[in-house]
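Worksheet: the structure to be examined is printed underneath.
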Amino acid sequence: MKKDFMYLEDELNYIDYELSKLAKKKNKLFSKKLPPVCVFKRKNSFVYYLVDENGKKKYVKKQDYDKLKLIFQMGYEQNLYKKLVESRKIIKRFLDKYEENSIRNVYEELSEGRKKFINPVVESDEEFVRKWYQMYPDHMNTFEVLPSYVTNNGEKVRSKSEMIIADLFKSMSIPYSYETEFVTEDGKRYYPDFVLLNKRTRKTYVWEHLGLISDEDYASKNFLKLCEYEKSNLKFGENFIISMESDKYPLDIELIKEKIRRYLI
């Protein structure tokens with residue numbers, strides 16, 4: 001249901017976008033009634049007739065196809081606008097009434113006295129996150145963290161930027177694990193900077209921060225790693241997130257926040 005809910009939200013955004021484009025010419029679209037057009041197929045081509053108010057047909061010559069094109073285009077856009085408005089109402093009505101967490105809340109809203117006797121069918125967020133941390137233990141990389149920076153969670157990370165990013169995750173209530181182990185399909189072991197959980201969708205993401213992208217050796221090494229990730233079904237924008245900085249372009253904190261909001265909340 002989560003995926004369906006997210007799909008509907010995306011669909012609503014798409015509809016709003018398309019409506020915004022058509023809204024600019026809405027008055028023109030519906031300013032006058034379009035004449036009916038009859039279309040007949042003749043062998044390998046089509047012939048067209050305009051129909052007047054009395055039902056009389058008038059053949060459309062090829063030199064008048066520009067007028068025909070305008071009629072068809074306006075008719076299409078009229079129908080599209082109506083269908084978009086209708087679809088938007090249906091989706092909006094559902095989203096307004098649907099409570100995303102209502103299924104989980106059947107258990108969460110019970111008293112503690114009742115909960116102790118119940119084995120919940122739908123796992124609570126708290127229990128899911130607890131098990132998620134067990135699946136993705138942190139600090140699996142045995143390479144010593146030197147120099148180290150300490151996050152607000154009290155963990156050591158390898159750079160000031162990683163510390164800032166980790167603290168943003170914590171402040172925005174995003175479960176994360178630092179340098180857990182990721183094994184590629186051909187058995188290579190990597191330790192991504194962060195593995196994170198979107199609690200709403202219960203989807204896991206890998207986040208790599210490329211902090212020395214202007215260094216040629218560093219960039220080349222990480223390029224190969226990203227290729228290995230892609231072969232192992234980590235897809236950028238789907239379940240894989242990248243942030244970068246260089247000597248000339250420092251860490252963009254606002255962009256980091258935007259990525260967190262887009263993928264992890």
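Derivation of every value follows stated rules applied to the coordinates shown; laboratory data play no part. Keep in mind it's a predicted model, so treat the numbers as computed, not measured. As a convention, Cβ positions derive from the backbone with ideal geometry for all residues, glycine included, and neighbour counts pool all protein chains shown.
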Query raised in the report: Say the dipole of the chain comes from +1 at the beta carbon of Lys and Arg and -1 at that of Asp and Glu; which of I260, T180, Y14 then lies farthest toward its positive end?
Result: Y14
Query raised in the report: If each residue's Cβ is checked for other Cβ atoms within 10 Å, how do E144, E108 rank with the fewest at the top?
Result: E144, E108
Query raised in the report: How much length is gained if the chain between K25 and E100 is pulled fully straight, taking 0.36 nm per residue apart and subtracting their Cα-Cα distance, in nm to one decimal?
Result: 23.4 nm
Requested in this report: Report the one residue of I103, P35, N152 whose Cα lies farthest in the direction of the positive end of the charge dipole of the chain (charges on C-beta: Lys and Arg +1, Asp and Glu -1; origin at the Cα centre).
Outcome: P35
Report task. Determine the distance separating the Cα centre of region 19-54 from the Cα centre of region 167-220; give it in Å without decimals. Result -> 54
Requested in this report: Figure the gain on full extension for Q73 and F223 (residue separation times 0.36 nm, minus the Cα-Cα span) and round it to one decimal in nm.
Outcome: 49.3 nm
**Report entry** Sorted peptide list for 125-137, 177-189, criterion being average Cβ within 10 angstrom, highest first
**Finding:** 177-189, 125-137
Report task. For K248, list the lysines whose Cα falls under 30 Å from its own Cα; do not include residues on the same chain fewer than 8 positions away. Result -> K156, K160, K170, K221, K225, K235, K257, K259
Query raised in the report: Quick one: Karplus J couplings for region 202-211, per residue in order, coefficients 6.51, -1.76, 1.60, θ = phi - 60°, nearest Hz, x for Gly and Pro?
Result: 6, 9, 9, 10, 9, 10, 10, 9, 9, x
